[in-house]
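Down below is the structure, laid out as structure tokens.
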Amino acid sequence: MNDKALIELVTHKVLEQLTRDEEPCGGCALRTCEAGNRACDAVVQQQKIPVGVSARHAHVTQEHLEVLYGEGHQLTSHAPLYQPEAFAAKETLTVVGRRMQAIEGLRILGPVRDYSQVELAQTDAIRLGLNPPIRDSGDLAGSESIVLVGPKGSVHLQEGAICATRHIHMTPQDAENWGIREGDLLTVHIPGERALTFENIHPKISLSYVPQMHLDTDDANAAGLQGGEGVELLRD
């Protein structure tokens, strides 16, 4: 084998491995995992809470979806998310803030909801010229206005842009095991070279959830997290 052929073979193998490394699980945001060994599932078996990194996204009502994508349009699944029944839709939007600054390709998450909102990291908000409050999903009173643009039309949300609170999804049994109740504010420690302690984490408790802590991309980057890492609750 000559040098050129060897270089091409090595390049092909490296690209093949990189593709395999990038596809599986999407940082434990996705339910499907081609690797077969889910980091999040392994973390749960160790009695820890897996991290899911939540990038900017939108939730929409059926009414707004039809304005944006046309009458009768239904969300189509691009990939199932880690939380049961949730999915990343194929449909994306352009969102426009003050000074007419925009972010394109912002994905809608399904299924449709009874409110429309855009969840941003603070760096996204700065790019759009916005200063959204830190809120639980659906708590939109007094939040920032933002415009959603789809292929068929646009929607102006007078209130709709937020930075999502740090939160942990869990079942009622998980909450009981961990001694957590609705309304508690939790603290976790992130180990590693960029070790951080995160406070004011909201528990979200439902039979339909599986354990996972959601952080936005700003928090995840600050702690050097990619998704799938395990964290432990700090106790008083």
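Out of all the residues in the stretch 193-206, is one or more β-branched (Val, Ile, Thr), within 18 Å of the chain's Cα centre (by Cα), under 25 Å from residue 81 (Cα atoms) and not assigned by TED's automatic domain parsing to the domain that holds residue 142? Yes, there is a match, as at least one residue in the stretch 193-206 is β-branched (Val, Ile, Thr), within 18 Å of the chain's Cα centre (by Cα), under 25 Å from residue 81 (Cα atoms) and not assigned by TED's automatic domain parsing to the domain that holds residue 142.
Would you mind stating whether residue 85 is of a type in the set (Asp, Glu) and assigned to a loop (DSSP other than H, G, I, E, B)?
Considered against the rule, which asks whether it is of a type in the set (Asp, Glu) and assigned to a loop (DSSP other than H, G, I, E, B), residue 85 comes out as yes.
Screening the candidates 197, 217 for the property of being touching a strand residue (DSSP E or B) at 6+ places or on another chain (Cβ under 9 Å) and under 25 Å from residue 106 (Cβ atoms) yields one hit, 217.
Look at the stretch 48-68: where a residue is closer than 14 Å to residue 219 by Cβ and a partner is assigned to a helix (DSSP H, G or I) and of a type in the set (Val, Ile, Thr), sitting 6+ places away or on another chain with Cβ atoms under 8 Å, you get 53/217; 54/217; 55/217; 56/217.
Do you know which of the residues in the stretch 129-179 that are in contact (Cβ under 8 Å) with a residue 60 or more places away in the chain and surrounded by fewer than 18 Cβ atoms within 10 Å (Cβ to Cβ) is farthest from residue 90 (Cα to Cα)? For the stretch 129-179, the residue satisfying everything is 136.
Residues considered: 106, 68, 75. Of these, the only one that is in contact with a strand residue (DSSP E or B) (Cβ under 9 Å, 6 or more places away or on another chain), assigned to a strand (DSSP E or B), not charged (D, E, K, R) and not assigned by TED's automatic domain parsing to the domain that holds residue 41 is 106.
Taking the condition over 20 Å from residue 123 (Cα atoms) and not assigned by TED's automatic domain parsing to the domain that holds residue 126, does residue 189 pass?
Details: over 20 Å from residue 123 (Cα atoms): yes; not assigned by TED's automatic domain parsing to the domain that holds residue 126: yes.
For residue 189, the condition - over 20 Å from residue 123 (Cα atoms) and not assigned by TED's automatic domain parsing to the domain that holds residue 126 - is met.
For the stretch 92-107, a residue qualifies if it is closer than 15 Å to residue 160 by Cα and modelled with pLDDT under 95, and exactly one does: 98. Taken over the stretch 135-160, the criterion of being under 15 Å from the mean Cα position of the chain (by Cα) and either assigned to a strand (DSSP E or B) or of a type outside the set (Gly, Ala, Ser) (or both) is satisfied by 135, 136. With respect to the conditions (1) polar (S, T, N, Q); (2) at pLDDT 95 or above; (3) on the phi > 0 side of the Ramachandran plot, residue 77 lacks only one, and its number is (3).
Do you know which residues across the stretch 88-103 are outside any strand (DSSP E or B) and either among the polar types (S, T, N, Q) or buried (at least 19 other Cβ atoms within 10 Å of the Cβ) (or both)?
Within the stretch 88-103, 97, 101 meet the criteria.
The single residue among 40, 28 that is part of a helix (DSSP H, G or I), modelled with pLDDT of 65 or more and under 17 Å from residue 167 (Cβ atoms) turns out to be 40.
The values are calculated or read from the model by the stated rules, or taken from the named source; none is laboratory data. What you are looking at is a predicted structure, and each value in this text was computed from that prediction instead of being measured. Cβ coordinates were reconstructed from backbone atoms using ideal geometry, including for glycine residues, and neighbour counts include every protein chain displayed.
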